[in-house]
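The values are calculated or read from the model by the stated rules, or taken from the named source; none is laboratory data. Just so it is clear, the model here is predicted, and its values are computed rather than measured. The protein model used for the area step is the full one, side chains on, heavy atoms only, and it has no ligands, DNA or RNA in it. Shrake-Rupley method; radii C 1.70, N 1.55, O 1.52, S 1.80 Å.
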Amino acid sequence: MKCSVSAIVIAAVATLLAGCASEPTSIVAGPTSARPIPTPPVTLPANGAIYQAQTFRPVFEDRRGRMVGDIINVIITERTTANKNGTSSATRTGGVGIGIPGPLQGRLGARVATETDNNYADSAAQSASNAFTGTLGVTVVEVLPNGNLVVAGEKQVAMDKGTEFIRISGTVNPDTIGAGNSVSSTAIADARVEYRTNTHLDRAELTSMASRFFLSLLPF
């Protein structure tokens, strides 16, 4: 009876842990989207001319995002490489000399000496390289007093075994927005770029860890 109760407890805890992993944590703070600020419509009387102010759009108007709610394309090109090397060494040499009393000098000699020599050397090397590329549309969520744009965006891709979450946020200088209303992620200040998943493989790993922990407490 105790075994069956323990098995039920393990299954319940494992299910609870798996359910908690339905959406991964995020390093992106704040909303990932914003709606444009509504402006009251201006109704002008029709004057019968070809030009109508309420429907006019300039031919050479700048199409780059610059207002809250506008969309900007971010080209993610994040590459990081880190190398670390360390070397340490130490050498210690010591000696001890002991004088022998007169009655024992015939057997041990007039002096007994000993020397020690210790050498230590160690070296280590670490290397890490990461690459993250892609394209993501973000929304202008705030326009700062100096004209810079606070942007944020999220993309969720549901697949057979789980969901992929791609999020990004940061501050964009409008001058860095190029053709096609796009900007490189390397030009975004305070950028937070993340790629996370909640696949069944991740859940299985977490459940397996919990199961091993509770199984270690069972009496059998």
> Once amide H atoms are placed 1.01 Å from N in the peptide plane, what residues at a sequence separation of 5 or more from D70, or on another chain, have their amide H within under 5 Å of its amide H?
Replying inline: V140
> Roughly how much of D160 is accessible, in Å² to the nearest 10, using a 1.4 Å probe?
Replying inline: 130
> Roughly how many Å² of F165 are accessible to a 1.4 Å probe, to the nearest 10?
Replying inline: 10
> Just the accessible area per residue of the stretch 122-177, please: how many Å² with a 1.4 Å probe?
Replying inline: 54
> Sequence-distant or interchain residues sharing an amide H contact under 5 Å with G134, placed H: which?
Replying inline: I76
>> From the protein chains alone at 1.4 Å, what is the descending order of accessible area for R35, R92, R64, R167, largest first?
In response: R35, R92, R64, R167
